[in-house]
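J.: Below is one structure. I have some questions about it.
Only the coordinates and a few stated rules stand behind these numbers; no lab work does. Since this is a predicted model, take the numbers as computed values, not measurements. In this analysis, Cβ positions are derived from the backbone assuming ideal geometry, glycine residues included, and neighbour counts consider all displayed protein chains.
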Amino acid sequence: MRNAGLEEAQAGIKIAGRNTNNLRYADDTTFMGESEEELKSLLKRVKEESEKVGLKLNIQKTKIMASGPITSWEIDGETVETVSDFVFLGSKITADGDCSHEIKILLLQWSRMDVRVGLRRKLSAEELMLLNCSVGEDS
């Protein structure tokens, strides 16, 4: 992957003034481009470089998501699946950029955490009260 020349490629999108065409984490790679042709070029480059070292692109795990209309892709006679969303590093990315789903999940997680923290504090306070309260006669 590092030898595929992705950093030198002109394809990609501008993020903070820098051209970015891929995000990599462990064995996952996400390609980004302004056009279908850019993405096809990046994918072809990675496929060719991978084959040079004996690796094969898994078409069943390869997905396409676009914010606009896109034609069907075929690689080595296999059709690449088009999706409207995917999960990247635990966050749902959608073609329309809608993040309301992620916000709802974060709010739900926060509310659950808030309830647990409140319950822990309440239990700790009751335990302290019970520890300080003794029943019986002093001898």
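J.: Mind checking which lysines have their Cα closer than 16 Å to the Cα of K47? Skip sequence neighbours fewer than 8 apart in that chain.
T.: K56, K61, K63
J.: Excluding same-chain residues fewer than 8 positions from K52, which lysines have a Cα within less than 17 Å of its Cα?
T.: Filter leaves K44.
J.: Sticking with this structure for a sec: Using Cα-only point scatterers and the Debye equation, what is log10 of I(q)/I(0) for segment 2-95 at each q in 0.16 Å⁻¹, rounded to two decimals?
T.: Here log10 of I(q) over I(0) equals -0.70.
J.: Can I ask one more? Ranked from highest to lowest mean number of other Cβ atoms within 10 Å per residue, what is the order of the peptides 34-45, 97-108?
T.: Details: 34-45: 15.8, 97-108: 10.9.
Highest mean packing first, the order is 34-45, 97-108.
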